[in-house]
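Data first, discussion second: the structure below is written as structure tokens.
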Amino acid sequence: MSWEQQYNLISDDFFKGRIYALAKMITLVENNPDSAWKIIETLKKNTLRDAPTVGFTGSPGAGKSTLVSAYVSMMAAKNQKIGVIAVDPSSPFTMGAFLGDRIRMRDISESENVYIRSVASRGSVGGLCDAIYDIVDVMKAFGFDKIIIETVGAGQSEIEIVYVADTVLLVMSPDSGDEIQMFKAGIMEIADGYVVNKIDLPQANAFSVKLRNTLALENDVKSKRKVFEVSASKNIGVEELEKWIDEFYSDMSSSGEIFKRHERRLKRRVRSNLMRVMDDIISSQEVGKNSLREFKSLIVKKYIQEEACDD
Amino acid sequence: MEKRIRVVVGKPGLDGHDRGSKVVARALRDAGMEVIYTGIRQTPEEIVNTVLQEDADILGLSILSGAHMKLCQKIIKLMKEKEINVPIFLGGIIPADDIPELKKMGVNEVFGPGTSFEDIIKRVKEIVLGTAV
Ligand SMILES: Nc1nc2c(ncn2[C@@H]2O[C@H](COP(=O)(O)OP(=O)(O)O)[C@@H](O)[C@H]2O)c(=O)[nH]1
Ligand SMILES: [Mg+2]
């Protein structure tokens, strides 16, 4: 079945708010990266609001899933509709994936107000998956009040989240070797706020003090960033975090920062899209007797042809 | 893009042993599938809800408690109510005598304790890709 046929089968139910249609729409954009933008364009015409998107990143075991669960259950209790995207890595060899974030989200998995989707990274290296922009847009069109993303959590290079989400939180915990990371560039730079999780653990306070001291020595922007001490599993400090996320978003809206972030996102998205198509073209072309320059113009020509067919 | 098979592996009922289901989940992952793993002691409602939200192609259940009849019945009933049409396979400790009844109920395949991963993977692919007879 073509994507158009599949789209037509589910689109009515999608806009009626049926969960099965949402689930299938996400699968559709995930499996059809080349046509996804056409689907998204159609959906966008019916999208009522640009729901804030919040990203949670940090090392495996830091407590991202547990924190997302505690945070989301607070909003769901206030009858807000929340969409959660939890990304886990695909094996680069088999492309298989073990998606286990739901294990720590059981408190919210039965809520009428919450939809959770586990997503495999499918070879993307930025800590998310190539389809993430499309999946977020599908969720926005469905009408959620907020969209929450949990990244793979594999390390410093996971900065894609900063383009995808409006607000990014870095979750750290005193028991997962995060101390060394504190001094490294990368992920520390991009977060809007830092969450020290597992504050119930004995070594947590010392960790938190160290983090605050380190940040105080940094430049203006970084030293002003908020540090939250929470225990996701014991539900300590999560309410304060929830409040701050909303305040931060409205501050960004009034200062115009949010538009800068939207523009940054759009550029990145176009880039990712072009790169993927380019990559496919390059790997499918024989170099043959072409010189470097000839090969390059061949690729560009092919690319333009392909774009023309697409419109 | 090649279609990825999405499997929900659920462990309903009260027994707390998930070694077996985790091992199967890993084997399916290593065969290139995307396995959504939900942990132990899931209610039928939770499992069915997960299948719905995750747009699973197939549901795998592991039941060691002996309550497979009741649990499968409940899960299949809930799936019908929600109009979810997803095949089911079952593993664990299932007496051979119960298998015909389970299949009548709507379970597509039952894997006994000795089934090789190869066989499980092959059957799961057959069922999902529609090449099953
Ligand atoms: N002591 C303590 N443990 C926690 C807390 N939050 C999460 N954990 C535990 O940390 C482990 C990893 O949590 P998880 O949410 O899966 O982390 P993720 O890999 O970052 O998503 C689990 O065993 C959780 O139960 C907390 O606030 N305090
Ligand atoms: Mg997690």
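Near A:ILE299: Cβ cut-off under 15 Å, other residues only, Lys/Arg at +1 and Asp/Glu at -1. The net charge is -1.
For the residue pairs A:LYS44/B:LYS3; A:LYS224/A:LYS267; A:LYS146/A:LYS243, the C-alpha atoms sit more than 23 angstrom apart in A:LYS44/B:LYS3; A:LYS224/A:LYS267. Stokes-Einstein diffusion for region A:227-266, with the hydrodynamic radius set to the Kirkwood value over Cα pairs and evaluated at 37 °C in a medium of 0.692 mPa s, equals 284 µm²/s. Other protein chain C-beta atoms within 10 Å of residue C-beta, averaged over A:82-92: 1. In terms of Cα atoms, the Rg and Dmax of region A:80-175 work out to 13.4, 40 Å. Our analysis of region B:30-70 gives Rg over Rh at 0.98, with the two radii drawn from alpha carbon positions and Rh computed by the Kirkwood formula. Of A:ARG117, A:ARG271, B:ARG123, the order by accessible heavy-atom surface (1.4 Å probe, DNA, RNA and ligands excluded), from most exposed downward, is A:ARG271, B:ARG123, A:ARG117. Hydrodynamic estimate: the Kirkwood radius of region A:1-46 over Cα pairs, inserted into Stokes-Einstein at 10 °C and 1.306 mPa s, corresponds to D of 152 µm²/s. The heavy atoms of A:SER297 offer some 60 square angstrom of accessible surface to a 1.4 angstrom probe.
Of the two radii for region B:1-81, the radius of gyration is 0.97 times the Kirkwood radius, both from the alpha carbons; that is the Rg over Rh value.
Using a simple spin-label model with pseudo-atoms 7 Å out from Cα toward Cβ, A:MET278 and A:ILE304 lie 1.6 nm apart. The distance between label points at A:GLU112 and A:VAL227 comes to 4.3 nm (points 7 Å beyond Cα on the Cα→Cβ vector). Taking all Cα-Cα distances within region B:6-132, those exceeding 24 Å account for 17%. Using a Gaussian network model of chain A in which every pair of alpha carbons under 10 angstrom is joined by a spring, one finds that among A:GLN203, A:GLN80, A:GLN285 the greatest mean-square fluctuation is at A:GLN285.
An ellipsoid equivalent to region A:217-311, defined through the eigenvalues of its Cα gyration tensor, has semi-axes of 47, 16, 15 Å when rounded to whole angstrom and sorted largest first.
Computed over all pairs of different Cα atoms, the Kirkwood value for the hydrodynamic radius of the protein assembly as shown is 23.4 Å.
Rounded to the nearest percent, how much of the accessible area of the protein assembly as shown (1.4 Å probe, protein heavy atoms only) is carbon and sulfur? Accessible surface attributable to carbon and sulfur in the protein assembly as shown totals 54 percent.
Rounded to the nearest angstrom and listed largest first, the equivalent-ellipsoid semi-axes of region B:73-133 from its Cα gyration tensor are 20, 16, 9. Take the accessible area of B alone and of A alone, subtract that of the pair with a 1.4 Å probe, and the total buried over both chains is about 2500 Å². Stretching B:ARG26 away from B:LYS77 to a fully extended chain increases their span by 15.5 nm, per 0.36 nm per residue minus the current alpha-carbon distance.
Taking a point 7 Å out from the Cα of A:ILE236 in the direction of its Cβ, the residues of region A:204-219 whose backbone N falls within less than 18 Å of it are A:204-212. Ranked by the mean number of other Cβ atoms within 10 Å per residue, highest first, peptides B:23-36, B:90-103 order as B:23-36, B:90-103. Using a probe of 1.4 Å on the protein chains alone, the accessible area found for B:HIS17 is around 130 Å². Cα extents for region A:48-255 along the principal axes, largest to smallest and rounded to whole angstrom: 43, 43, 34.
Per residue of A:98-111, other chain Cβ atoms within 10 Å of the residue Cβ number 5 on average.
Adding -39500 (n - 2.57) for every DSSP H run of four residues or longer, then dividing by how many residues chain A holds, sets the calculated 222 nm ellipticity at -15500 deg cm²/dmol. Exposed loop positions in chain A were taken to be chymotrypsin sites (Phe, Trp or Tyr not before Pro) whose DSSP state is not H, G, I, E or B and which have at most 11 other beta-carbon atoms within 10 angstrom. Between these positions, the longest stretch is A:184-311. Gyration tensor analysis over the Cα atoms of region A:158-254 returns equivalent ellipsoid semi-axes of 21, 17, 13 Å (largest first, whole Å). Counting Cβ atoms of other protein chains within 10 Å of each residue's Cβ and taking the mean over peptide A:24-35 gives 2.
The values are calculated or read from the model by the stated rules, or taken from the named source; none is laboratory data. Because the structure is predicted, anything quoted here is derived from the model rather than measured. Every residue, glycine among them, receives a Cβ derived from its backbone with ideal geometry; neighbour counts consider all protein chains shown. Surface accessibility is based on the protein's heavy atoms, side chains included, excluding ligands, DNA and RNA. Shrake-Rupley method; radii C 1.70, N 1.55, O 1.52, S 1.80 Å.
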